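First up is the structure itself, then whatever we jot down about it.
The values are calculated or read from the model by the stated rules, or taken from the named source; none is laboratory data. Here the structure is a predicted model, which means the values were calculated and not measured. Heads up: the accessible areas ignore ligands, DNA and RNA and are worked out on the full protein's heavy atoms, side chains in. Shrake-Rupley method; radii C 1.70, N 1.55, O 1.52, S 1.80 Å.
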Amino acid sequence: MQNKLFDSSTIGFIFAAIILFIFIFIKNPGLAISSTKNGFTIFLKYSLIIISSMLIATYIQALIPKEIIMKFLGKESGIKGIFIGTIIGGLTPGSPYGALPLFSGIMKIGASLPVIVSMVSAWGLWSIGRIPFQIAVMGFRFTLIQVISSLFLPIISGYIALILQKILK
């Protein structure tokens with residue numbers, strides 16, 4: 001199912017895009033055409049990011065010995081792996097198009113599900129690359145409170161994933 005090019009989500013998005021294009025075209029054909037051009041520009045930009053991140057993920061798989069991943073991030077790493085995954089996730093910059101393929105590559109090498117859950121949680125909550133922008137937009141006080149209040153959430157989510165993984169075998 002993962003290898004299907006046109007799954008239900010893809011078909012739904014294509015259908016929604018066509019319907020929205022028709023509505024906009026009826027209202028203002030020029031706006032529909034310029035919006036489509038803008039959409040393709042964004043597509044090209046993110047395509048390059050996605051391709052690059054996929055390459056980085058496969059290069060990391062080739063460069064990092066599986067034994068190291070298994071030792072520090074694998075099933076036997078337990079809470080230690082969750083802590084390491086949290087640090088890696090928090091230090092990973094970038095958008096989902098860049099970070100998630102990286103995490104997926106680490107998981108394919110042998111990192112455990114709880115470690116990847118903590119990694120993704122830390123990246124989503126307090127990615128080091130986002131904090132300066134968050135300070136600029138939301139303010140230092142808000143960012144400080146947000147980071148401190150969510151400091152242990154990636155560890156907790158990794159631990160919960162560890163428990164769920166055992167329950168849902």
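Suppose the Debye formula is applied to equal point scatterers at every Cα of segment 62-169; what is log10 I(q)/I(0) at q = 0.22 Å⁻¹?
-1.10
Using Cα positions and a limit of under 29 Å, work out the lysines in reach of LYS169, with same-chain residues fewer than 8 apart set aside.
Within the straight-line limit of under 29 Å, LYS169 reaches these lysines: LYS4, LYS66, LYS71, LYS75, LYS80, LYS108.
Could you rank ILE156, ILE60, ILE26 by how accessible they are, 1.4 Å probe, largest area first?
Putting ILE156, ILE60, ILE26 in descending order of accessible area: ILE26, ILE156, ILE60.
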